[in-house]
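First comes the structure, then the notes that go with it.
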Amino acid sequence: MVISKGDDELLKLDGRRVWHFPRNDQGAYAGCYPADSAAAIAHLEAMRNQGAEYLAIPDTALWWLDHYDELNRHLMRHYRVVARESDSCLIFAL
């Protein structure tokens, strides 16, 4: 998954199946951000249960980690950072 604002270009990763985060039941960008950290965590875990293995946070979306502070703690507590590229992205293995 990649935190996006509906930008389909972010889903083009060398033929890998990539999902928007957040996404709706049809797989498209949900159209809005989660209301709070609890909603973001619930959506993350629902997507992980549906097969999501990674969460990529582009530099342009790193503000999520401040805004959704409980999500940030949840990610750091339960998952491992597998890539941190300055001026690019942060990736968690789920």
Answer yes or no as to whether MET76 is hydrophobic (A, V, I, L, M, F, W, C), on the phi < 0 side of the Ramachandran plot and surrounded by 17 or more Cβ atoms within 10 Å (Cβ to Cβ).
-> no
Could you grab me the full set of residues in the stretch 51-94 that are part of a helix (DSSP H, G or I), hydrophobic (A, V, I, L, M, F, W, C) and under 20 Å from LEU11 (Cβ atoms)?
-> ALA61, TRP64
Filter pass, LEU55 being open to solvent by less than 40 Å² (accessible area, probe 1.4 Å), of a type outside the set (Phe, Trp, Tyr) and over 18 Å from ASP7 (Cα atoms) = no
Farther than 18 Å from ILE91 by Cα, open to solvent by less than 40 Å² (accessible area, probe 1.4 Å) and free of Cβ contacts under 8 Å to residues at least 40 places away in the same chain, is that true of PRO22?
-> no
Residue satisfying condition, being at pLDDT 95 or above and not charged (D, E, K, R), within set TYR68, TYR29 = TYR68
Scanning for something open to solvent by 90 Å² or more (accessible area, probe 1.4 Å) and acidic (Asp, Glu), does the stretch 32-49 turn up at least one residue?
-> no
Could you say whether any residue in the stretch 20-39 is of a type in the set (D, E, K, R), under 14 Å from the mean Cα position of the chain (by Cα) and part of a helix (DSSP H, G or I)?
-> no
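The values are calculated or read from the model by the stated rules, or taken from the named source; none is laboratory data. Every value quoted in this text rests on a predicted model; they were computed, and no experiment measured them. Quick reminder, even Gly has a Cβ in these numbers, built from the backbone with ideal geometry, and neighbours come from all protein chains shown. Side chains are part of the model used for accessible areas, which takes the heavy atoms of the whole protein and leaves out ligands, DNA and RNA. Shrake-Rupley method; radii C 1.70, N 1.55, O 1.52, S 1.80 Å.
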